[in-house]
1. As an exercise: evaluate residue 108 against (1) over 14 Å from the mean Cα position of the chain (by Cα); (2) β-branched (Val, Ile, Thr); (3) surrounded by 10 or more Cβ atoms within 10 Å (Cβ to Cβ) and give the number of the one condition it does not meet.
2. Just to be sure, is residue 93 acidic (Asp, Glu) and more than 33 Å from the chain's Cα centre (by Cα)?
3. Within the stretch 10-57, how many residues are under 17 Å from the mean Cα position of the chain (by Cα), of a type in the set (A, V, I, L, M) and loosely packed, with under 14 Cβ neighbours inside 10 Å?
4. Of the numbered conditions (1) without any contact (Cβ under 8 Å) to a residue 24 or more places away in the chain; (2) touching a Cys at 6+ places or on another chain (Cβ under 7 Å), residue 62 satisfies every one except a single condition; which is it?
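Derivation of every value follows stated rules applied to the coordinates shown; laboratory data play no part. Predicted, not measured: the structure shown is a model, and the values here were computed from it. Neighbour counts run over all protein chains shown; Cβ positions are idealised from the backbone, glycine included.
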Amino acid sequence: MANDRLRALEEVENQIATILQCAGNIVLELSKDKHNASFLDRQLSQFTGSVNRVETELSSQIRYLTQVATGQPHEGSTYSARKDCQMALNRAEYARVKLGELGRTCEVMLDPQP
């Protein structure tokens, strides 16, 4: 799972390099006196496709990180279950302390005063 996410980020990095290369090629072609329209179209198409792929993958990564950060259940994580268990243990400890205090209060009230 983690390796897949890293591979996806490496692909995003490669796509960003492609975006920069296409942008450079477009600027270089536009700086010429005579433009090759078909070359510009191909570069623009590749540029737009790469931008869309980067946007899609980064959105996916952000959604995943949002799930992990908020404790929502997601594939392959036990964070939410561990958090729920810890909260239950905290509530049980609080109840134990309060019951102990209640017991002591009852003992004081039931003991005869001389």
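1. Tallying (1) over 14 Å from the mean Cα position of the chain (by Cα); (2) β-branched (Val, Ile, Thr); (3) surrounded by 10 or more Cβ atoms within 10 Å (Cβ to Cβ), residue 108 fails exactly one: (3).
2. no
3. 0
4. (2)
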